[in-house]
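Before any comments, here is the structure.
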Amino acid sequence: MHEAIVRNQAPNLLALHYDPAHWTVRNLILVPRFVFSLSSLQKQNPLRPTARRHDYVLCNQQLQILRDLGFLESLGGGRYRIP
């Protein structure tokens, strides 16, 4: 993700929350590619050497930072809102 942000090739992100019992969408969050920044990345601890993906560098996106800046858009309960 670090390289994608630096190269300006970060993906758009759609996060879908749904209710599997009723087959309904509860919330849909859009994070446009231009809001991802290096400051919103949080590096994870490396995987064990025996793990299948031990050579991967994992990270988390801190969506709280993006939300505080007002960059997340959300549809919830059938209505548009800024979370």
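Nothing in this text is a laboratory measurement; each read-out follows from the coordinates by a stated rule. Note that this is a predicted model, so its numbers are computed, not measured. Here the Cβ positions follow ideal geometry from the backbone for every residue, glycine too, while neighbour counts run over all protein chains shown.
Remarks
- Selection within region 1-29 - in a strand (DSSP E or B) and over 16 Å from the mean Cα position of the chain (by Cα): Tyr18, Asp19, Thr24, Val25, Arg26
- Counted residues, region 1-32 - those being charged (D, E, K, R) and within 14 Å of Gln62 (Cα to Cα): 0
- The residue pairs whose first member lies in region 18-31 and is without any contact (Cβ under 8 Å) to a residue 60 or more places away in the chain, whose second member is surrounded by 10 or more Cβ atoms within 10 Å (Cβ to Cβ) and small (Gly, Ala, Ser), and whose beta carbons are closer than 7 Å, counting only pairs six or more residues apart or on different chains, are Arg26/Gly76; Asn27/Ser74; Asn27/Gly76; Leu28/Ser74; Ile29/Ala15; Ile29/Ser74.
- Filtered by the rule that a residue be over 21 Å from Val6 (Cα atoms), surrounded by 12 or more Cβ atoms within 10 Å (Cβ to Cβ) and out of contact with any Lys or Arg (no Cβ under 8 Å at 6 or more places or on another chain), region 31-66 gives a lone residue, Pro46.
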